[in-house]
Amino acid sequence: MHLALIILYETSMRRGEVIRLKKNHVSLKEPSLVCIPDVEHKNKKPKVVMLTPLAANAIELLMKRESDDGRVFQFGPKTDKGKGAYILRLFKQAATEVLSRPFLTIHQLRKENASQQRMRGIDDDIRQRQTGHMDKEVMDQVYTLLSPEFRAQFYRESFLGVDKVVNL
């Protein structure tokens, strides 16, 4: 399950996208990427996710496993029900026990990853495709935590929770 957490952090993918990720959507050739077809994406548009070397290595390990239905992760061939909650529960446990950040959320990882992409100079159009957001305004307001004030707030919330944080 730690490989799912690596993929969540490194790619900015939604947890449902990770759960339903199919082997035939993954290309480990350079550049390594995931192509989610429009019929399987939330916005009904194709989504291209560039893979970092760490994410590509994690997926490569998973691709070697046998699969009943062509998925990267094998939770069960008949249903996904409860799998998102299962990943969330494991994520919360790891965030608390390993990072001592009990209020860290998967969505905060998506924000952090998109912000890091911008800091590395990745074009906004690519960042938008990576996260699957169609609205550039959402990317600018929610998925860009560049200012020191935003970053401080982000980290305080992951340690203390949104309800306990006092805005500066």
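Here's the yes/no breakdown for (1) open to solvent by 80 Å² or more (accessible area, probe 1.4 Å); (2) in a loop (DSSP other than H, G, I, E, B); (3) at pLDDT below 85:
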| residue | (1), (2), (3) |
| --- | --- |
| 16 | no, no, yes |
| 43 | no, yes, yes |
| 55 | no, no, no |
| 58 | no, no, no |
| 69 | no, yes, yes |
| 76 | no, yes, yes |
| 109 | no, no, yes |
| 116 | no, no, yes |
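Residue under question is residue 125, and the condition is that it be part of a helix (DSSP H, G or I) and modelled with pLDDT of 75 or more; does it hold?
On the way: part of a helix (DSSP H, G or I): yes; modelled with pLDDT of 75 or more: yes.
Against the criterion (part of a helix (DSSP H, G or I) and modelled with pLDDT of 75 or more), residue 125 qualifies.
Going through (1) of a type outside the set (D, E, K, R); (2) at pLDDT below 80; (3) open to solvent by 80 Å² or more (accessible area, probe 1.4 Å); (4) more than 17 Å from residue 6 (Cα to Cα) one by one, residue 133 falls short only on (3).
Might you check whether a residue that is within 16 Å of residue 128 (Cβ to Cβ), part of a helix (DSSP H, G or I) and open to solvent by less than 70 Å² (accessible area, probe 1.4 Å) occurs anywhere in the range 18-37? If you could, list the steps in order and put the result at the bottom.
Just the residues of the range 18-37 that are within 16 Å of residue 128 (Cβ to Cβ), to begin with: 33-36.
The next check asks that each one be part of a helix (DSSP H, G or I); those that pass are none.
No.
Candidates in the range 45-68 are the residues that are over 16 Å from the mean Cα position of the chain (by Cα) and touching a residue at least 24 places away in the same chain (Cβ under 8 Å); of these, the one that is nearest to residue 4 (Cα to Cα) is 62.
The values are calculated or read from the model by the stated rules, or taken from the named source; none is laboratory data. Computed from a prediction, not measured in an experiment: that's the story for all the values here. Glycine gets a Cβ as well: all are built from the backbone with ideal geometry, and neighbour counts include every protein chain shown. Areas reflect the complete protein model, heavy atoms only, side chains present, ligands, DNA and RNA absent. Shrake-Rupley method; radii C 1.70, N 1.55, O 1.52, S 1.80 Å.
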